[in-house]
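To start, the structure itself, in structure tokens.
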Amino acid sequence: MKKIAKIIIPLTALIIASALPMSYMFQGPLVEGVVKGLGIKVDPRYSGGEVLAKFLDPMDDDRGEGGLVYPDLPGLPGGRFLDVVKYTVHRPVLNTFEGGLSDFWQMDVVFSEIENSPNTTLGFRLPVVHIYIDVDGAEGGGTRTARENTELVAFDPAHPWDYMIHIDGFAGDEKGSIVSFDGAYERPVEIFFVKEKKTLYARVKLDDPGIKRILDGRPTYHYVVVGAFDPLSAGGFMPVAEKAGPRNGGGARSALTPPIYDWVEPEGARQDRILSSYDTVNGALAVIVPLEAKELPKGGDPSRVESANRAAELLTVYQERLARETAAAPPADFAAAAERLAAQGNADMEIVKAYYEAGMYEKAEEASGRILEAAPDHAGAATYAAMAIAGQSGQQSSPMKSLAFVNRAIARFDTAFPLCRTPEELLTLYLARGRYFAAIPESLFRKSAAAADDFLKAAAIIRRQGDAPGRAALLPVCYLGAAGALLRAGNEDEAEIYFHKAAEFKDLTTGQIVALLERGFVPTALLR
Amino acid sequence: MIQEGLLLGLSTGSFCAISCAPVAIPFVFSEKIEGWKQNAGLVGLMMLGRLVAYIGVGFLVGALGGYAVRYLDPEIQRRLLAVSNTLVGALMIASGLMHNFPGLKFCRKFKAVYRAGWGSFLYGVFTGLNICPPFFLAASRVFGKGDGLSGMLYFAMFFVGTSVYFIPLLGIHLFKDRLETIRMVARLSLILLGAYFLLFQGIFFGAAGRFK
Amino acid sequence: MSAKVRAFFPARGALGFSLPASFLLTLSLGIWCYMFIVARSTGTARIAAWIVFSGIMSLFFLLLRTGQVSKYRRVFFVAIALLFFPEFIAQLLETRGTMMLGAGEILNNDTPYCHIVTGVVFLPWLVTGKVVFPAGTGAIASMLIIWGTATLAIGRGWCSWACFYGGWDDGMSRLARKSRLKIGPANKKIRYFGFAMLAFVALASLGTLASVYCDWLCPFKIVTEFGAVDSLRSYAAFLMFVLLFFGLVIVLPFLTRKRFQCMSFCPMGAFQSLLGKLNLYRLRIDKDKCIGCRICSEACPTLSLSLPEESGGKRIPIVTSTCTRCGECMTACPNNAISFGYVFCRGKSLFGGWRERLEGRKGAAAAALRRITGTLDELLSAHALFVYSGFFIGMAFLSAFGTGTVNRLIRLVINGSFLLR
């Protein structure tokens, strides 16, 4: 026994000592395995409690009844800052043990973009958010807005609201407010705003008997409306008129047009139809319907289960279609094209691109290097030089050399940025870098979050270009790229938003459809 | 009523055990336990203390009926909890000091009056007053009855359901070999935990209402 | 090897390795060190990487060759601590603008997760299945992997070779030449106080479902990050952090020449002591060489060498589970009676029997075989594999933070700014 121990134990020690570097190198897959294997979950109280219900809202629908435009506010950068993409309701958190966390109920509002206004309390100035909540069904509550003529909408009589939460960027002491429909209860609401996540978190204290009714697990009904903030107008919603001005939004078709740029609509409801359903003849306001936040049955949200089943059904069909399309497509002979250009003495970006498409990365790097020698601030050449180096990192036989190329590529992408002068050049660079960062090993380089950021910046550039030809087809590429990168970075929540957005596009390629179906998202165009 | 109380205790009793563990475990391990009888005796007295506390609360909640709604508010709960935490913290510090510094004057005096039996019972009463969420849930079921006796019965059954989770404490005498080291560690931790309960969960907590 | 070449290198110590073994082990560590530190950096970071790389290689080689485990280990260990916190703080200032933890980090489970949290939240996790600390699951798993493999490899040696906090009190405990406050190995309660702390934080965290140590008791908050100081509670907590740091990490180690924080306060240290039983290495005291002088137990900075009851004859110290494998006792022992050994293995080394059979045989082949088996014995010895593992794990932390700090120091000299953006 001792003799065996004398051999086995040192060898075991040797194996363990050798395994140490391996565990470090292969951390990525090991991390996933450990999270799943040990079932690691963080106490949801820190992030606001377990999620009860999540509601996705279409992106780029911040036009209210259909034609609203933003006010002409001086100093406001261009962007879509009133566009909510997700609303989350948490379960109430009861923490009677530790005094640091108290009892609260949290709601999260996620925007697609948020402006950065440093001279405000919370960090933004344009959005004002009202969340109207019905906690007791039709028992009591209001069907009119908290302040008369603010949002110019009425509420579903089956779900009159009991409490209204007001959030704006100038809130004193970083607090919003909550008020009951009869005005008897008014309290501050703790607000957190995380710029990087473009998310507002509202925590309602559970100190009113009315609010405490939610503790018995009943469904609650939420109306979430977003307007442009005007501190001088009652209720805080800036009015809208036909033409936009510094004190009003534009694009309104009537005096009864709700000054609501975005409303988180329940599934099946259409924002433009409902917000334009007012009756100017009789003076009747548009009536909005609530989101129902309730406990899901054991199998999960039935509509999501149905969607996932449908996606599974369609996936096989589209995978076969993709295989057929790939087989039928004639292989492009990029190498021959590159050689032709070289023979012609071509020394411009055309040959750089041709070498790159042909996978001749070393030559692509040389060619772009020659352009940069002549014109050191040539953004396109700098971008392609970085792309060529990135391509070479995948062609190396030894991991050490690959590592060196990856580092060079990352540094080279960084140096290309200051050279980009036009949105076009930036777009190319963001897309190239985003694709590369999404492809390199996450466990070693941790660049997936940066990749998602690049894809979203590319998307923002394309959206600002409006209907520029050929650009629309790139948007699904950007959103799918961002969603995939966010998934790799472990951010499933945010990834879901962009998969949802990508699914809305009409002219998706088969490959894009397959990518969505694999994640359980059915493109809108395929929904019956 | 009986079934409901019992089932509620069984389904949520782990929560009660969790909140009582910081008091029960160091206390039981700090006492000199020679065999299973002594082990069972100590744990039994602690359970008796918990039962007395539960029945007392049950009677009050049942009898007060609707008035109890206002007083079992989470904020008020915590103030009451602060009082019981202060008391249990003080007891833990006193017994911890007595075990570790028997030569001190205070410790000699305390040792003269302290008995593991009544200490056990008191720990049970204080931990029984710990109003954790399942307790609150049980209390809210009893509100509208307006009847002290049914409240006592409900809470007694709730107690039985939660007591299942304390059964492991009966196995302490099995650690005989390591008991001396464990006892030393438990006696030291009594002081630390006592200070934590007295200050952080007791005085500061109660003074601030909500320590924030 | 010629005498001139040999003279260039330090002389082999009593517990030291031969030159071939020292080179082979250093080369082996060097390959990983190069890959994780140098190969991934560019620009001034590469210069910093080479500096850190050279430092690690030199210390490791000297430790192996001279056998002075405690001396070179301590330099390495203190360097880990001193290079960790500037980079950590600088990264916080660059990304967050402040050392204070904001609501955003907590809401998004973005709080950095350190290994001490594991011992604190272990019980609540076991009972409720949830980690009561607002960190990402990836970050938690990542630290668990590093810590788990390290525990398997070096057990409680984590506290003297890898922990990026331990270098503070280790360094402070060696600053004074003499202790001003005598604490001897007879004081069991001080050694076991660490277990009482573990029981306290584990049970309090279980009872409150919050990370009590992190909320109130961590002395290292002031050199890493802490919650926003904006209320009475947070002021009180911050004050506790400051007092604990200066008391337990700076003043008491200086006065007593003992590692107070690691020995009697850190819950993770006690946790490691319990888990360290899984480890293959043990500290061995050779009963034949030991003369019972007890200098080792006085020298031990964590009071881990306890003395048996008086029973006539020499009192050979007993190595307790709290031993952090720091090597101080090895250095202190006048007879070199203490060394690293494997569990269940005593007596002859793996190839010792073969060398005995080759003894007396003449010829170049026999001589070569004797040398080869001798080197193999050294390479597979507990001493070699333990210190190799310890240095590797410490190097892993240096690769993440050490090069960053040195890079920033270089940039400070060049640009006048410690922050990179």
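So who's got an amide H within less than 5 Å of the one on A:Lys86, skipping anything under 5 residues away but keeping other chains? H placed 1.01 Å off N, in plane.
A:Asp57, A:Val110
Report the local net charge at A:Ala354: Lys and Arg +1, Asp and Glu -1, summed over other residues whose C-beta lies under 9 Å from its C-beta.
-1
Keeping every protein chain present and rolling a 1.4 Å probe, give me the accessible area per residue for chain A in Å².
On a per-residue basis, 45 Å².
I'd like the carbon and sulfur percentage of the solvent accessible area for chain A, probe radius 1.4 Å, heavy atoms only, ligands and nucleic acids excluded.
That fraction is 55 percent.
Obtain the nm distance between the two label points defined at A:Asp216 and C:Lys182 by a simple spin-label model: each point lies 7 Å from its Cα along the Cα-to-C-beta direction.
A separation of 7.2 nm, rounded to one decimal place.
Of the cross-linked pairs B:Lys109/C:Lys258; B:Lys105/C:Lys188; A:Lys36/A:Lys457; C:Lys182/C:Lys289, which ones have a Cα-Cα span greater than 26 Å in the structure shown?
With Cα atoms farther than 26 Å apart: B:Lys109/C:Lys258; A:Lys36/A:Lys457; C:Lys182/C:Lys289.
If you build a Gaussian network model of chain C, linking Cα atoms that sit under 10 Å apart, which residue out of C:Thr256, C:Thr331, C:Thr95 swings the most?
Maximum fluctuation in the GNM of chain C, among the listed residues, is at C:Thr95.
Checking a compactness column here: for segment C:100-280, what do you get for Rg(Cα) / (2.2 N^0.38 Å), N being the number of residues?
Taking N as the residue count of segment C:100-280, the ratio is 1.04.
Taking a quarter of the surface of the Cα convex hull of chain A, what do you get in nm²?
For chain A, the mean projected area of the Cα convex hull comes to 34.3 nm².
Using a Förster distance of 45 Å, how high is the FRET efficiency between A:Asn149 and C:Arg96, based on the Cβ-Cβ distance and rounded to 0.05?
0.60
For segment A:17-29, in order, what is each residue's ³J(HN,Hα) by Karplus, 6.51 cos²θ - 1.76 cosθ + 1.60 with θ = phi - 60°, in whole Hz (x at glycine and Pro)?
These are the phi-based 3J(HN,Hα) values: 4, 6, 6, 4, x, 5, 5, 6, 6, 9, 4, x, x Hz.
Whole-Hz Karplus ³J(HN,Hα) for segment A:312-321, in order, using 6.51 cos²θ - 1.76 cosθ + 1.60 and θ = phi - 60°, x for Gly and Pro?
For segment A:312-321, the Karplus curve yields 5, 4, 6, 4, 4, 4, 6, 5, 5, 4 Hz.
Against the longest alpha carbon principal axis of chain C, how many degrees, from 0 to 90 and to the nearest 10, is the axis of helix C:232-244 turned?
20 degrees
Mind giving me the nanometre distance, one decimal, between the label points for C:Arg6 and B:Ile2, set 7 Å out from Cα along Cα→Cβ?
Output for this residue pair reads 9.1 nm.
With equal scatterers on the alpha carbons only and no solvent term, can you work out the Debye log10 of I(q)/I(0) for the protein assembly as shown at 0.05, 0.06, 0.07 1/Å?
The Debye formula, applied to the Cα set alone, gives -0.43, -0.62, -0.83.
Rounded to the nearest 10 Å², what accessible area does C:Thr208 show when all protein chains are kept and the probe is 1.4 Å?
Here the residue's solvent-accessible area equals roughly 10 Å².
How far, in nm, would the chain grow between A:Ala336 and A:Ser277 when pulled straight, counting 0.36 nm per residue and subtracting the alpha carbon separation?
15.2 nm
So what are the ³J(HN,Hα) numbers for segment C:32-49, from phi and the Karplus equation (6.51, -1.76, 1.60; θ = phi - 60°), rounded to whole Hz, Gly and Pro as x?
After applying 6.51 cos²θ - 1.76 cosθ + 1.60, I find 5, 4, 5, 5, 8, 10, 7, 4, 8, 10, 9, x, 5, 4, 6, 5, 4, 4 Hz.
What total accessible surface area, summed over both chains, is buried at the interface between chains C and A, computed with a 1.4 Å probe and given in Å² to the nearest 100?
Between C and A, the summed buried area is about 4700 Å².
Sequence-distant or interchain residues sharing an amide H contact under 5 Å with C:Leu101, placed H: which?
C:Phe226, C:Gly227, C:Ala228
Could you pull the accessible area for B:Val164 with a 1.4 Å probe, rounded to 10 Å²?
70 Å²
In deg cm²/dmol, rounded to 500, what helix-only [θ] at 222 nm does the protein assembly as shown give when every DSSP H run of at least 4 residues adds -39500 (n - 2.57) and the total is split over its residues?
Roughly -16500 deg cm²/dmol at 222 nm, from the helical runs in the protein assembly as shown.
If one takes the accessible area of chain B alone plus chain C alone and subtracts that of the pair, with a 1.4 Å probe, what total in Å², rounded to the nearest 100, results?
1900 Å²
Tell me the carbon and sulfur percent of the accessible area for chain C, rounded to whole percent, probe radius 1.4 Å.
That share works out to 65 percent.
The values are calculated or read from the model by the stated rules, or taken from the named source; none is laboratory data. Remember, predicted model here, so these are calculated numbers, not experimental data. For neighbour counting, all protein chains shown are included, and Cβ atoms are generated from backbone atoms with ideal geometry for every residue, glycine included. To get the accessible areas, we keep the full protein, side chains included, count just its heavy atoms, and leave off ligands, DNA and RNA. Shrake-Rupley method; radii C 1.70, N 1.55, O 1.52, S 1.80 Å.
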